[in-house]
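Step one of this worksheet: look at the structure below.
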Amino acid sequence: MQKLTQKEEEIMNYFWEKGPMFVKELKELYTDQKLHYNTLSTMVRALEEKGFVGHEQFGNTHRYFAIVSKEEYSKGTLGNVVKKYFNNSYKSVVSLLVEEENLSLDDLKKLIEEIEKQQNNLQ
């Protein structure tokens, strides 16, 4: 999955939160920024080219909608980080979290229990 820029992620968050929108509606959400309609339209079309949004045509205009869920994107992003910085080892990620005390032993035990429950449900 392609990586998004910070601004593209921001736009995608609006689609994930609000649902399908016209560029005009999207622009209205940027009340504190002077973002030109054409700039925003170009960014949305770039997201469409990357496969993140699709559109429905209404006369001369398009209503855009997310075709990649936030969960799918999050998983892909996490996978890229693990691959790039942890030699594709989730074990290394968990080890780092434990070492840095971001993940307690109790949290780790609960996580193992949840994984075991999921494994039992699959069998």
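The values are calculated or read from the model by the stated rules, or taken from the named source; none is laboratory data. Quick caveat: nothing in here was measured; it's all calculated off a predicted structure. Don't worry about glycine lacking a Cβ; one is built from the backbone with ideal geometry, like all the others, and counts go over all protein chains shown.
Here are some notes:
- Criterion violated by GLU48 - all others in (1) under 27 Å from GLN2 (Cα atoms); (2) acidic (Asp, Glu); (3) exposed (fewer than 14 other Cβ atoms within 10 Å of the Cβ) satisfied: (3)
- Screening segment 1-43 for residues that are among the aromatic types (Phe, Trp, Tyr) and out of contact with any Ser or Thr (no Cβ under 8 Å at 6 or more places or on another chain) and picking the one that is nearest to HIS55 (Cα to Cα) gives PHE15.
- Scanning segment 56-76 for residues that are without any contact (Cβ under 8 Å) to a residue 40 or more places away in the chain, surrounded by 11 or more Cβ atoms within 10 Å (Cβ to Cβ) and under 20 Å from THR5 (Cβ atoms) turns up ILE67, LYS75.
- Enumeration of residues in segment 14-29 that are in contact (Cβ under 8 Å) with a residue 40 or more places away in the chain and either within 15 Å of TYR73 (Cα to Cα) or not hydrophobic (A, V, I, L, M, F, W, C) (or both): PHE15, TRP16, GLY19, PRO20
- Look at segment 90-115: where a residue is at negative phi and a partner is at pLDDT 85 or above and outside any helix (DSSP H, G or I), sitting 6+ places away or on another chain with Cβ atoms under 9 Å, you get SER92/PHE86; VAL93/PHE86; SER95/SER89; LEU96/PHE86.
- Residues satisfying the stated conditions in segment 30-55, i.e. assigned to a strand (DSSP E or B) and touching a residue at least 40 places away in the same chain (Cβ under 8 Å): VAL53
- Residues satisfying the criterion are present in segment 67-88 (criterion: of a type outside the set (Lys, Arg), touching a strand residue (DSSP E or B) at 6+ places or on another chain (Cβ under 6 Å), within 30 Å of ILE115 (Cα to Cα) and at pLDDT 95 or above).
- Evaluated against (1) over 27 Å from GLU10 (Cα atoms); (2) part of a loop (DSSP other than H, G, I, E, B); (3) at pLDDT 85 or above, SER92 falls short on exactly one condition, (2).
- Looking across segment 1-19, just one residue is surrounded by 15 or more Cβ atoms within 10 Å (Cβ to Cβ) and assigned to a loop (DSSP other than H, G, I, E, B), and that is LEU4.
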